[in-house]
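Here the structure comes first, spelled out in structure tokens, and everything after it is commentary.
The values are calculated or read from the model by the stated rules, or taken from the named source; none is laboratory data. Computed from a predicted structure; not experimentally measured. Cβ atoms come from the backbone with ideal geometry, glycine included; neighbour counts cover every protein chain shown.
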Amino acid sequence: MLAMNRNKVVLASFCILASAVVFTACKDKRSTGLEYARNMYDPIAPNPDQPVSTTNELLKSFKGQTAQTPPAHTSPVGFEKYDYPNTKEGYEAAGAALVNPLEATEKNLEAGKHYFKVFCSPCHGEKGDGQGHLVKIEKISGIPSYHGDAASSRGGLMKDLTAGKIYHTIMYGLNNMGSHASQLTPDERWKVVMYVQQLQKIQ
């Protein structure tokens, strides 16, 4: 009997509590209810896509915007400047001036082979013969081989391309090939260049 009364008290208490929660939540339709750790919802930093609040004294001098133009002669953190434009002249200048800064080690060559296989071989083929699986499936034509007497669309033979010309092409892309600058870091690009130059030696 005592246990039964105790169960009734617990059940009644639960029903009263649940009813109070439901009625409290329904009181204001615009309310999101109780919030835990409010500072996780409100950003501390200004949102660069929103106009400046007039209440923020610090941002009043920013002329109505939070996203600012960087100061002159500065570069973003991790940005590596590339001085050769995406032109025929830039391509030739890069070919004449750029030299692979990486040491030709087995480790760098293996890394270059890996990146080449992932990013380049679908079109250029794993042997650099221009017979990648996308060429066979999609019947894409005009993918040059890195060895033999294949000619570059910019003049000369593919097997004679310098490190700078290969790097420039990876940086900007050429013809149907898009830029790989966003997929490969400068260091990774040079490793691919190193591997491509190994493929150029195949007879």
Q | Residue in segment 130-177 that is nearest to Tyr195 (Cα to Cα), counting only those that are touching a residue at least 60 places away in the same chain (Cβ under 8 Å) and of a type in the set (D, E, K, R) | A | Lys165
**Q.** helices (runs of 4 or more DSSP H) enclosed by segment 121-203 - at least 2 residues per element that are aliphatic (A, V, I, L, M)
**A.** 133-138, 163-172, 186-199
Q | Members of segment 72-129 found to be under 21 Å from Ser145 (Cα atoms), free of Cβ contacts under 8 Å to residues at least 24 places away in the same chain and hydrophobic (A, V, I, L, M, F, W, C), listed by number | A | Val118
**Q.** Selected residue (criterion: modelled with the lowest pLDDT) from residues of segment 66-115 that are outside any helix (DSSP H, G or I) and closer than 15 Å to Thr169 by Cβ
**A.** Tyr82
Q. Under the condition of being within 28 Å of Pro85 (Cα to Cα) and polar (S, T, N, Q), which residue from segment 116-141 is modelled with the lowest pLDDT?
A. Ser141
**Q.** Filter result (under 20 Å from the mean Cα position of the chain (by Cα) and over 15 Å from Glu92 (Cα atoms)) within segment 158-181
**A.** Met177, Gly178, Ser179, His180, Ala181
